[in-house]
Structures are given as C-alpha cells and as structure tokens.
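Please read the structure below before turning to the comments.
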Amino acid sequence: MKYSFILLNGLLFLGASAQQAAWGQCGGETWAGLTTCVSGYVCTYSNPYYSQCLPLSNTISSSSISTMTSSAVSSSGTSTTQTKYAGVNMAGFDFGMATNGTEDLTQILIPPKYVFTILHNDQMTHFVNDDKMNIFRLPVAWQYLVNNVLGGTLNSGNFANYDNLVQGCLGTGALCIIDIHNYARWNGGIVGQGGPTNAQLTNLWSQLAAKYAGESHVVFGVMNEPHDIPSISLWAATVQACVTAIRQAGATSQIILLPGNDWTSAASFVSDGSLAALQTVRNLDDTTTNLIFDVHKYCDVDNSGSHAECVTNNIDTAFAPLAISLRAIGRQAMLTETGGGNTASCVTFVCEELAYLNSNADVYLGYVGWSAGAFQPSWDYVDSLVPTESGNTWTDTLLMSSCFKR
Ligand SMILES: *[C@@H]1O[C@H](CO)[C@@H](O)[C@H](O)[C@H]1NC(C)=O
C-alpha cells in the first residue's frame, strides 16, 4: 500500500431496471434495491449483508464443495462457498516506507508511541471473535528489522517489537502473514537488478524463517508490491531464492506468497508475465505445494486505494480472467490488499468483488482488507478499517461490517 490522500467527487450513477445485472447486489439486511437477477443469473446469499447475482453455472451445491473451501448455507437454503481465509492488514510497522524502498524509521507507529487507537493485538482479538476473521497481514519495513543494516542480522529490540505483533496474531489462532513492505527495493535500488543482492534479501528470509520454522500458522509474504521491475524473469529468480532460503531454514511446509510486477496487480498478473515467470518457482522437492500467488487490487479509479469512492468490482477486468488462468494450471492466488473508502459506492463494489472471490474459492484462497492497525482517528484515513471500542461494545467501519466481516 502506498499512502496518499486524494478525494474525488461522486463518479457513478446506476440506472434502474427491473432486474439486477450480472454480479450486482440483490439482497442484504439493508438492501433496498432490485432482488431478482437477469436471465442466466441467480440471487445468491453471501453473508447477512450481501447477496449477489451469480451465474447459474457458478452456484455449487453443498455436496460438490471441494475440500479447499468451507461451506455456508443461508436460511433460504441457497448453497454458497467461501474462501478459506478472510481478514485484514494490521499496519504500523510499515509507516515511513516510500514506494522507492526508502524508509523513515521515525514514522513507524507502535506502542507506546500511539495512544489514540486500540492496540493491534486487541483489534485482532475483536476481528476473530466478532467478525470471524482468520488471517492477518503484518506489514513491516525491511530496514526496521535489521535496523538499517542491509544484509545484517535481525536487530534484537526491533525484532522483539515485531514478534510481539506476530505472537499476538498467532494467539488468536489465525494465519499471520509476514509482509516485507519494500516494493522490491532498498533505498531506491531493486533487489537482484542493480540494488541489493539476492543474498541480502535471502539472508533476511533465512533468519525470519528460522525464527518461525515451528509455527504452522505463519505465512511468508516475500515482498509487497514490486513495481517497474526491468526483468520479470530475474525477479522470479529472486523469489525462487527466497523460497529456497525459507524452506532450507526449516519452514518446510508453510504458505509462501509470490508477488508479481505492477504492484502485484490482479488485473495485469497474466498480461505482464508475472504468472508465467512465477509459475516456475518450486519448493526444495520440486513441488509447488503452498506456493500461492500474491495479488492486490483496489476498487477506486486508479487501483491506488487512495480515493473515498469506488468505481469497479474488478470482476470482468481482473478476477474472472485470472480465475480462468489459475484453474488452467491448477494453482491458487490470495488477494492480500483490497478495499476502498467507507462509502456507499465502495460497499457496493467491494462486496461484489469479495462475493466473486467467495464463489470462486477453488482458485482464490482468501482475501485481506486494507487496513486496520495504527491509523490515528485524527488522520481520518480514507481506507481505515480500524474499529472503535466503548466499554465492551466494538464498532466496525462501514466497509468492515458490510463486506469484510463474516
Ligand atoms: C525516495 O522517495 C522519497 C519520497 O518521495 C524521496 O524523498 C527520496 O529522495 C527518494 N529516494 C531515492 C533514493 O530515490
């Protein structure tokens, strides 16, 4: 995620017709719109807040749900599937990171420096208990972990702070993604392509994998949002070196997330060559077990996640074509960043997007919203998913309660 703050005026008007269009919303507790779908589509329950017009051929009976997915059956008896994982990013250890991989360590926001937001670990407990979440992504700056020494050993004090977050996550029983939030860079240089060597990055991953080798619920997110990478095949070689280092350090079976070029966009994952290049990455035993493609996509006008209004559900332009490509090669992807503002347009489009992933859970392993964590209330951060608490009562943001929670 890159941070910038721009607001747009309303962009979209939906015309009325007698039947809801393909992929549109058709039900939910507060839904006042159309409830029947155009021919060939059926109104399909997703969660108490959201039903969607899905293709008849896409609706799966409970007897045919694969072992990769869990099932949910609505009170009306309609069968649906869900992605195995749903959750949220917990930002803070990545603050100060620029898209060229420079880091201002003074901006990292962790207790006791922040005082106006509920602690990360308490937020995660709420998300698990009240919103049925089972995965968290924990972004962190590479420079923070090694205290600005490229290729150096983990800094014990800084690692202890980050490990406190990881342990808080593991304590909830959820999966916990370690996300090196550096855009494939360190201080402007691209890993393996003129900047840090592959060995300097694999040294970091070897150390982290050794720490968490015994934790089955730790996921290794090799790198956040590579972009403007000159050679995708060289980048795939860097990713392969990280996978090899992680497995050799004893983390032999955990999920590893493989990120592509173009901010690891789900829309260009095939066309920019990321899928073809990363498809070659292998475990030590030559399998691809638990090597999952890492994709991002936002619902705003330029896929930046910096606008309050949403304009797309990304289905026709990203997730439907990517699903076909994934199915063809028998692989899966995880959407580790998505979201939008806490606005009506984003409720519409983000809910449509997530419902599509849920109905294609054979190829989409899960999704992780951007973002909860250390955002301070006074910042009024456009994509905030930070809950508030009063006494024993938790209140989620509009997008969290409408789309992300289960
Ligand atoms: C990286 O980007 C930051 C923020 O835009 C800028 O201040 C800095 O000079 C850049 N550094 C390099 C090495 O390009």
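Taken together, the values in this text are just the output of simple stated rules run on the coordinates, not laboratory data. Source: prediction; values computed, not measured. Note: ideal-geometry Cβ built from the backbone for every residue, glycine included; neighbour counts use all protein chains shown.
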Original post:
So what's the convex hull volume per residue for the Cα atoms of the stretch 85-404, in Å³?
Top reply: 117
Subject >> Debye intensity ratio in log₁₀ form over the Cα atoms of the stretch 233-340, taken at each q of 0.11, 0.16 Å⁻¹ >> reply: -0.36, -0.71
Original post:
Among 286, 122, 396, which one moves the most in a GNM of the chain with springs linking Cα atoms closer than 10 Å?
Top reply: 286
Original post:
What angle, in degrees between 0 and 90 and rounded to the nearest 10, separates the Cα long axis of helix 120-131 from the longest principal axis of the Cα atoms of the chain?
Top reply: 30
Original post:
Against the longest principal axis of the chain, how steep is helix 156-171, in degrees 0 to 90 to the nearest 10, with axes from Cα atoms?
Top reply: 30
Original post:
Assuming a viscosity of 1.306 mPa s and a temperature of 10 °C, what translational diffusion coefficient in µm² per second does Stokes-Einstein assign to the stretch 176-292, Rh being the Kirkwood radius over Cα pairs?
Top reply: 114
**OP:** List the residues whose amide H sits under 5 Å from the amide H of residue 222, counting only those 5 or more places along or on another chain, with H placed 1.01 Å from N in the peptide plane.
**Re:** 257
Original post:
Listed here are the pairs 2/297; 2/405; 84/132; which of them are more than 18 Å apart at the Cα?
Top reply: 2/405
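Starting from the Cα-Cα distance between residue 248 and residue 32, subtract it from 0.36 nm times their residue separation and give me the gain in nm to one decimal.
Result for the pair: 72.3 nm of gain on full extension.
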**OP:** May I ask which residue of 138, 261, 244 lies farthest towards the positive end of the charge dipole of the chain, with charges of +1 (Lys, Arg) and -1 (Asp, Glu) on Cβ and the Cα centre as origin?
**Re:** 244
Subject >> Of 52, 376, 254, the one that fluctuates the most in a GNM where the chain has Cα springs shorter than 10 Å >> reply: 376
Original post:
Any idea what angle helix 344-359 forms with the longest principal axis of the chain, computed on alpha-carbon atoms, 0 to 90 degrees, nearest 10?
Top reply: 80
Subject >> Potential extension, residue 290-residue 116 segment - 0.36 nm per residue separation minus Cα distance >> reply: 58.8 nm
**OP:** Among DSSP beta bridges lying fully in the chain, give the percent that are antiparallel, nearest 5.
**Re:** 35
Subject >> Which of 281, 219, 243 has the fewest Cβ neighbours within 10 Å, and the rest in rising order >> reply: 281, 243, 219
Original post:
Do any cysteines of the chain lack a neighbour Cys whose Cβ is under 4.7 Å away, and which are they?
Top reply: 242
